[in-house]
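Remarks on the structure that follows.
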Amino acid sequence: MAEEVEMTDVVVVFDESADKNIDDLAGQLRQLGLAIESVDGENGVVEGTIESAKLKSLEKVPHVKYVRGVFNYVDEPGGDEEEDIPE
């Protein structure tokens with residue numbers, strides 16, 4: 001059985017000085033383990049999912065104003081596959 005992992009959907013908000021660097025900063029978030037869902041460069045917002053244990057590391061990226069955990073859940077690697085349910 002695969003080990004369960006606690007995941008958190010997050011919104012990362014950058015300060016105004018990050019405007020021109022949002023793609024580079026999103027790349028830094030990705031290197032820390034964030035699976036990016038969307039990047040809103042106009043508003044300086046990145047949304048994605050990360051292992052809950054790595055959440056605090058996102059705050060250390062330059063220009064991050066704040067990180068908001070939106071939703072926590074337990075994920076099983078390969079958990080998107082349908083389970084075999086006996087009929």
Quick one: is Glu16 at pLDDT 95 or above and surrounded by fewer than 16 Cβ atoms within 10 Å (Cβ to Cβ)? no
Cβ-Cβ under 7 Å, sequence separation 6+ or interchain: first residue in segment 64-84 and under 29 Å from Lys20 (Cα atoms), partner at pLDDT 65 or above and in a loop (DSSP other than H, G, I, E, B). Which pairs? Lys65/Asp15
Please enumerate the residues belonging to segment 19-47 that are over 14 Å from Leu58 (Cα atoms) and in contact with a helix residue (DSSP H, G or I) (Cβ under 6 Å, 6 or more places away or on another chain). Val39, Gly41, Gly44
Inside segment 2-36, the number of residues satisfying the requirement of being free of Cβ contacts under 8 Å to residues at least 24 places away in the same chain, under 23 Å from Asp75 (Cβ atoms) and not polar (S, T, N, Q) is 4
Per-region count, segment 1-59, residues of a type in the set (D, E, K, R), outside any helix (DSSP H, G or I) and within 11 Å of the chain's Cα centre (by Cα): 4
When you go through Pro86, Pro77, Pro62 one by one, which is the residue that is assigned to a loop (DSSP other than H, G, I, E, B) and either at pLDDT 90 or above or of a type in the set (Val, Ile, Thr) (or both)? Pro62
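The values are calculated or read from the model by the stated rules, or taken from the named source; none is laboratory data. Given the structure is predicted, the values throughout are model-derived calculations rather than measurements. Here the Cβ is made from the backbone with ideal geometry for all residues, glycine too, and neighbour counts use every protein chain on show.
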